[in-house]
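K.L.:
Supplied in structure tokens, the structure appears directly below.
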Amino acid sequence: SSMQPCGSAPCPGFRMREVASMYFTMIAVFLVVLVVALQGTAPRESPFPYTVPLDPQGLLELSWNVSYPLRLVHFQVLVKEPKFGLLFGMSDRGEFENADLAVLWSDGRNSYFGDAWSDEEGQLHMDSQQDYQLLGAHKAPEGLYLLFRRAFSTCDPKDYVIEDGTVHLIYGILEQPVRSLQAINTSAIPTGLQRVQLLKPNISVPELPSDMQSMAITAPDVVIPSQETTYWCYMVELPEKFPKHHIVMYEPVITAGNEALVHHMEVFQCAAEQGSVPGYNGPCDAKMKPAQLNVCRHVLAAWALGAQAFYYPEEAGLAFGGPGSSRYLRLEIHYHNPLVFKGRRDSSGIRLYYTARLRRYDAGILELGLVYTPVMAIPPGEAEFQLSGYCTDKCTRLALPPAGIRVFASQLHTHLAGRRVVTVLAREGRARRVLNADMHYSPHFQEIRMLKELVPVLPGDELITTCTYNTQDRSRATVGGFGIMEEMCVNYVHYYPQTQLELCKSAVDPGYLHRYFNLVNRFNDEEVCTCPRVSVPQQFASVPWNAFNRDVLRSLYGFAPISVHCNKSSAVRFPGEWEKQPLPKVTELRDAAPRCPPAPAAQPPAPVALHLGRG
């Protein structure tokens, strides 16, 4: 390895080494105490319960744990082939500009560690406030271990705030020695990004039934195509007369060696009305794929990189099997193969654990957000354009039981332009709490996330789902719909007890949109054909997107009445008047500003010198 001990250069002072050894002693004592504390309760657990590969080769392995009482994350990075250093950090969407970084670098003789930030050009600067705190670095046969910690929020304007939802982690590898931190050119080194949910919910594992059985739904030794992105579909059939069971947990099954290639997986159940569905094993977008597979959309399980096993609450399970339930399941795997490996074989999938002793409640899945319709559209060239979908008080009053429902998990969904998704629960016209929020949402990282606590939703509550989109790379309007270049705004909430309500969504009233096109024509010399034979996507395509037309569309969506879909399972609406409903008026939720101590006098930032001997 190139990170030699100090060699002929003067070694860092005795104090540094003393402090480092004290740190290690403290950590060792802490780990011993932790292990002893855990021994009575469970098998010995790693102090770092969560692990992901950072790079496609798996040479950088990140492990972490979360302390909610201290509002801290402890990170451990294993560098399997240490060269001359490593950059690790976080940024809004995985870019190396305006990033918050922990950097280990070597000038060929000594090694240094420091907290840094990058400016709009990607140039690195040492941070005046060192918030990535190094706890230790040591070499082992498997590579170099770096251990450091970081508070969720540091009150340093240059630092990333670690919050719920997706975090874009970035890394860079130094293959040559560097004179100083400032000499690192981030555009000239191997870099990459990995998305994870850092702040996992601190949920204790529920008691599992003694008669639990399992079923692995896995790909049949598939050869992963040698291209960057593949969605693979495989059909599975449950046994004849398979009775009703409750799924109580599921976990990923990943073929060894493919940990960095299997990006996310979902198991869907087909619609019961469809009857039999033909077998299929191939790419989901292939011409040969039977059309019947499109009715297999009811999500039973979903996993994405970095996610652990998913547990249902002790009092509920997800029903599958039995009369009125399809025997056909579809496994969908997203392979991410940027290094274009050829001939890799894969049998990954999801293992479902289920019980025949039914729990007290059936779990249900309720779809919130926007109806899939072109009347909701985003103009091109927008950095941040918001659309909101409403589940109204009228619908929840009609469809929910008197005691309400309990939401325990949520999966957010948009297509490629989605950047943020937030669902807020409002009661009596006031926003009460966030049901799920992802401020750094990525359409490439969609997982079912357990909520930190159960969220009760009562009859008369309103659920407002707001998606923020970026269309700066598009020259035409983006309309709502099923196509990948069309958009969606959905939150699938997982709850119990199951009700008849499957979908509670909205869209702007089509009559008001028609008036918008008429108005555009009055101001812009008849550019848009408003005759009935021209479709809404065609009308949006012919709007000249000047500032006036953009702002009027934005305000139309913010005040016009809505068409509400308050639907049972077979797309039948609950009885009632659902057209031209008033837009719910809700007072906003106030953000709690972080309490920041007065800023200390600026210290000239200095890196920590490391003595990287063996062990």
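The values are calculated or read from the model by the stated rules, or taken from the named source; none is laboratory data. What you are looking at is a predicted structure, and each value in this text was computed from that prediction instead of being measured. With ideal geometry, Cβ positions are generated from the backbone for all residues, glycine too; neighbour counts draw on all protein chains shown. These area figures cover heavy atoms from the full protein model, side chains too; ligands, DNA and RNA do not enter into them. Shrake-Rupley method; radii C 1.70, N 1.55, O 1.52, S 1.80 Å.
K.L.:
Per residue, how much accessible area does the stretch 284-410 show when a 1.4 Å probe rolls over the protein heavy atoms, in square angstrom?
P.N.:
Normalised by residue count, the accessible surface of the stretch 284-410 is 39 Å².
K.L.:
Same structure again: Give the distance, in whole Å, between the Cα centre of the stretch 334-395 and the Cα centre of the stretch 240-258.
P.N.:
For the stretch 334-395 versus the stretch 240-258, the Cα centre distance is 19 Å.
K.L.:
Sticking with this structure for a sec: So for each of 576-585, 247-256, 166-175 I average, over its residues, the number of other beta carbons within 10 Å; can you give me the resulting order with the highest mean first?
P.N.:
For the peptides 576-585, 247-256, 166-175, the packing ranking is 166-175, 247-256, 576-585.
K.L.:
Which of [x] 129, 58, 41; [y] 202, 100, 49; [z] 82, 66, 50 is the computed Cα extents along the principal axes in Å for the structure on display?
P.N.:
Only one listed value fits the structure, namely [z].
K.L.:
In whole percent, what relative contact order does the stretch 203-359 give with Cα contacts below 8 Å and a gap of six or more residues?
P.N.:
Computed over the stretch 203-359, the figure is 50 percent.
K.L.:
Compute, for Met212, the solvent-accessible surface of its heavy atoms (probe 1.4 Å) with the complete set of protein chains present, and express it in square angstrom to the nearest 10.
P.N.:
60
K.L.:
How much of the accessible area of the stretch 371-513, in percent, comes from carbon and sulfur atoms when a 1.4 Å probe is used?
P.N.:
C and S fraction of accessible area: 52 percent.
K.L.:
Moving on to the next point. Accessible area per residue for the stretch 415-467 in Å², computed with a 1.4 Å probe and the full protein assembly in place, what is it?
P.N.:
Ligands and nucleic acids excluded, the result is 34 Å² per residue.
K.L.:
Would you mind getting the accessible area per residue of the stretch 523-586, heavy atoms of the protein chains only, 1.4 Å probe, in Å²?
P.N.:
Value for the stretch 523-586: 57 Å² per residue.
K.L.:
Got the relative contact order for the chain handy, in percent, Cα pairs under 8 Å and 6 or more residues apart?
P.N.:
Over the chain, the number comes to 14 percent.
K.L.:
Quote the accessible area belonging to Arg109 in square angstrom, nearest 10, computed with a 1.4 Å probe and with ligands, DNA and RNA left uncounted.
P.N.:
Rounded to the nearest 10, the figure is 120 Å².
K.L.:
Quick check: the distance between the Cα centres of the stretch 411-457 and the stretch 61-77, to the nearest angstrom?
P.N.:
The two parts, judged by their Cα centres, are 23 Å apart.
K.L.:
Related question: Given charges of +1 on the Cβ of Lys and Arg and -1 on the Cβ of Asp and Glu, with all other atoms neutral, how large is the dipole of the chain about its Cα centre, in debye to the nearest 20?
P.N.:
Rounded to the nearest 20 debye, it is 900 debye.
K.L.:
Still on this structure, I have one more. Taking the Cα centre of the stretch 469-584 as origin, sum charge times position over the Cβ atoms of Lys and Arg (+1) and Asp and Glu (-1), and report the length of that vector in debye to the nearest 20.
P.N.:
120
K.L.:
Roughly how many percent of the accessible protein surface of the stretch 203-359 is carbon and sulfur, given a 1.4 Å probe and a whole-percent answer?
P.N.:
Exposed carbon and sulfur together represent 51 percent of the surface.
K.L.:
Counting only protein heavy atoms, what percent of the accessible surface of the stretch 50-200 is carbon or sulfur at a 1.4 Å probe?
P.N.:
C and S fraction of accessible area: 47 percent.
K.L.:
OK, next. Which pairs in the list Lys394/Lys505; Lys83/Lys158; Lys505/Lys568; Lys505/Lys585 are over 18 Å apart, alpha-carbon to alpha-carbon?
P.N.:
Checking Cα-Cα distances, Lys83/Lys158 exceed 18 Å.
K.L.:
Normalised by the number of residues in the stretch 363-591, what is the relative contact order in percent for Cα pairs under 8 Å and 6+ residues apart?
P.N.:
Once divided by the residue count of the stretch 363-591, the mean separation gives 31 percent.
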